[in-house]
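> Before anything else, here's the structure in question.
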Amino acid sequence: MAEAQAQDGALVLFSGGQDSATCLAFALERFGRVETLGFHYGQRHAVELERRPVLRAAMAGLDPLWAARLGVDHLLDMPVLGQISETALTREMAVEMEEGGLPNTFVPGRNLVFLTFAAALAYRRGLRHIVGGMCETDFSGYPDCRDDTIKAMQVALNLGMEKRFVLHTPLMWIDKAETWALAERLGGAALVDLIIEESHTCYLGERGKRRDWGYGCGECPACRLRAEGFARYRASGAVESRAAAPK
């Protein structure tokens, strides 16, 4: 199975954040050709797009095999998604819970749209595997991050495109502490250091203050999840990151 996968190509939904960087490492370990896909949809934290090429290049530098496998990067401009989304990810508004129990950072249909375009691109590029950082263990309740949603999307995409895509969600059943640990298993302390220093997760796009887990406002849900997960990861006896001390 591992040998067969090594001959296959994969497309990774790569935003420039912690989760997608870990997913990229996951793909680079498993697939012979790995391409990446990002989306510019009017997100408030568009600084993540600036981190993508930095992360890609640095991750390729961690391992000659990864460098050989890492292929083309794609960036799709999709402003219409932001135009129809009145959310705290696409508008200047406070992050808060809404009446239905979801945070106002939920962009309706975002992952459904992303996966559809990813499959269309994978179809054209001859890539069978699609890798995304969706997770329903440590998440904000987003319905399009649930395992049932991803399974349903795989069925719909395969039927609608007459293909046999495989959607991989390596973070689906692990929390943020385990995501940090997975990064360490995949790329050692060097990958953990790289994710701390170069990735971006903060919903508000804040990169002014360097913290032990990276850059961010420290208050938004994404920052809190990342910080709490990093604290549990460090407390578990994981290898101490060389870049952990604030600069």
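The values are calculated or read from the model by the stated rules, or taken from the named source; none is laboratory data. Since this is a predicted model, take the numbers as computed values, not measurements. Counting neighbours? That spans all protein chains shown, and the Cβs are built from the backbone with ideal geometry, glycine included.
> Mind checking which pairs have a first residue in the range 196-224 that is touching a residue at least 40 places away in the same chain (Cβ under 8 Å) and part of a strand (DSSP E or B) and a second that is buried (at least 23 other Cβ atoms within 10 Å of the Cβ) and not basic (Lys, Arg), Cβ under 6 Å, 6 or more apart or different chains?
Correct list of pairs: 214/196.
> Do you know which residues across the range 194-225 are of a type in the set (A, V, I, L, M, F, W, C) and more than 23 Å from residue 59 (Cβ to Cβ)?
Across the range 194-225, the qualifying residues are 204, 217, 220.
> Ok, one more. What residue, of 169, 201, is within 14 Å of the chain's Cα centre (by Cα), modelled with pLDDT under 95, closer than 15 Å to residue 21 by Cα and of a type in the set (Val, Ile, Thr)?
Testing whether each residue is within 14 Å of the chain's Cα centre (by Cα), modelled with pLDDT under 95, closer than 15 Å to residue 21 by Cα and of a type in the set (Val, Ile, Thr) leaves just 201.
> Are any residues in the range 114-139 over 15 Å from the mean Cα position of the chain (by Cα) and either within 29 Å of residue 228 (Cα to Cα) or not polar (S, T, N, Q) (or both), and if so, which ones?
Residues satisfying the conditions are 117, 119, 120, 121, 122, 123, 124, 125, 126, 127, 128, 129.
> Counting only residues that are more than 24 Å from residue 144 (Cβ to Cβ) and at pLDDT 95 or above, give me the helices (runs of 4 or more DSSP H) lying completely in the range 56-129 with at least 1 of them.
Here the list reads 64-69.
> Search the range 148-177 for residues that are free of Cβ contacts under 8 Å to residues at least 12 places away in the same chain and pair each with any residue that is surrounded by 14 or more Cβ atoms within 10 Å (Cβ to Cβ) and outside any helix (DSSP H, G or I) when their beta-carbon atoms are under 7 Å apart and the residues are at least 6 apart or on different chains.
That search, which allows pairs on different chains as well, returns 158/165.
> Which numbered condition trips up residue 236, out of (1) surrounded by 17 or more Cβ atoms within 10 Å (Cβ to Cβ); (2) farther than 23 Å from residue 48 by Cα?
(1)
Matching residues to (1) among the aliphatic types (A, V, I, L, M); (2) under 29 Å from residue 122 (Cα atoms); (3) touching a Pro at 6+ places or on another chain (Cβ under 8 Å):
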| site | (1), (2), (3) |
| --- | --- |
| 137 | no, yes, no |
| 161 | yes, yes, no |
| 165 | no, yes, no |
| 175 | no, yes, no |
| 212 | no, no, yes |
| 220 | no, no, no |
| 231 | yes, no, no |
| 234 | no, no, no |
| 237 | no, no, no |
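> Can you tell me which residues in the range 131-152 are in a helix (DSSP H, G or I) and of a type in the set (D, E, K, R)?
144, 147, 148, 151
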